[in-house]
Amino acid sequence: MTAWMELGGPWRRKGTAVGMKILVVADEESKYLYDYYEPGRLEDIDLILSCGDIAPGYLSFLVTMSHAPVLYVKGNHDRYSEADDMGGCICVEDDIYVYRGIRILGLGGSMRYQPQAAGQYTEWEMSMRIFRLGWKLLWYKGFDILLTHAPAYQLNDMEDLPHRGFKSFLKLIDRYHPRLFIHGHIHATYGSCFKRLDAYNGTTVVNGYERYVIEYPEG
């Protein structure tokens, strides 16, 4: 964590100018941005990232009220269908999306705790999803931001199976050393297990529960 400075919530790397502002949302709609929204609150946001378990209407609202693109992965409770109006939001599940030179890899869902349930994966199934991304990882020469719903194993996760993180995320970070690992799924209301910021092997870890703004240094 010593490589990053918190500035009233957001962080920036020491010795670098502020680049783009990224709004992260996850798990619960922010009353500040939704129920009590006031014009201009999103005008300085350059990119919005959703870590899942967010209603399509909320994401559509964010993309409508800002000039920023909204990229999202699905949570373990999301049931988006072709009929849902995503309002121009971009799904980055099992993909690498490049925005202003920043490579964003998306992997939604949680650990499987119900047989055959959508949005849930065993450790092996998540590993296979990552394996199938191999040619994209080679083409893009890695990634800068890992965007997921679930946390990584023993990194901001919990001991119960529904909230346990994936070991395969740790392996992915160990290999490609992204600047950021952004996840949701672990709510602030869960108590002492909640950490907004953490670090792992040179990567800054952000829990995006509800809302959080990151100042991402470009270049």
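Structure notes:
- Within the stretch 25-76, the set of residues being closer than 22 Å to Y97 by Cβ and hydroxyl-bearing (S, T, Y) comprises S50, Y58, S60, T64, S66, Y72.
- Here G109 passes the criteria (1) in contact with a strand residue (DSSP E or B) (Cβ under 6 Å, 6 or more places away or on another chain); (2) open to solvent by 10 Å² or more (accessible area, probe 1.4 Å); (3) at pLDDT 95 or above except the one numbered (2).
- Enumeration of residues in the stretch 163-219 that are within 14 Å of V24 (Cβ to Cβ) and among the small types (G, A, S): G184, A188, G208
Yes/no matrix, rows are residues, columns are (1) over 26 Å from Y212 (Cα atoms); (2) among the charged types (D, E, K, R); (3) surrounded by fewer than 18 Cβ atoms within 10 Å (Cβ to Cβ):
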position	(1), (2), (3)
T122	yes, no, yes
L138	yes, no, yes
Y153	no, no, yes
P178	no, no, no
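- Criterion: open to solvent by 20 Å² or more (accessible area, probe 1.4 Å), over 30 Å from K141 (Cα atoms) and either at pLDDT below 85 or among the acidic types (D, E) (or both) - qualifying residue of G15, G8: G8
- Scope the stretch 155-174; condition outside any loop (DSSP other than H, G, I, E, B) and open to solvent by 50 Å² or more (accessible area, probe 1.4 Å); matching residues: L161, K167, K171, D174
- Residue in the stretch 182-190 that is at pLDDT 95 or above, of a type in the set (A, V, I, L, M) and assigned to a helix (DSSP H, G or I) present: no
- The condition of being over 25 Å from L133 (Cβ atoms), in contact with a strand residue (DSSP E or B) (Cβ under 9 Å, 6 or more places away or on another chain) and crowded, with 17+ Cβ neighbours inside 10 Å holds for L62.
- Residues that are modelled with pLDDT under 90 and charged (D, E, K, R) occur at least once in the stretch 40-61.
- In this structure, I130 qualifies as touching a Ser or Thr at 6+ places or on another chain (Cβ under 6 Å) and either assigned to a helix (DSSP H, G or I) or of a type in the set (A, V, I, L, M) (or both).
- Any hit, the stretch 84-92, residues being more than 19 Å from G184 (Cα to Cα) and either open to solvent by 60 Å² or more (accessible area, probe 1.4 Å) or at pLDDT 95 or above (or both): yes
- Among the candidates R103, R132, the residue that is open to solvent by 60 Å² or more (accessible area, probe 1.4 Å) and not acidic (D, E) is uniquely R132.
- Residue in the stretch 188-197 that is within 17 Å of the chain's Cα centre (by Cα), surrounded by 14 or more Cβ atoms within 10 Å (Cβ to Cβ), under 12 Å from L107 (Cβ atoms) and touching a residue at least 12 places away in the same chain (Cβ under 8 Å) present: no
- Members of the stretch 95-111 that are of a type in the set (D, E, K, R) and touching an Asp or Glu at 6+ places or on another chain (Cβ under 7 Å): R100, R103
The values are calculated or read from the model by the stated rules, or taken from the named source; none is laboratory data. Just so it is clear, the structure is predicted and the values come from calculations on it, not from any experiment. In this analysis, Cβ positions are derived from the backbone assuming ideal geometry, glycine residues included, and neighbour counts consider all displayed protein chains. Calculation scope for accessible area: heavy atoms of the full protein, side chains included, ligands and nucleic acids excluded. Shrake-Rupley method; radii C 1.70, N 1.55, O 1.52, S 1.80 Å.
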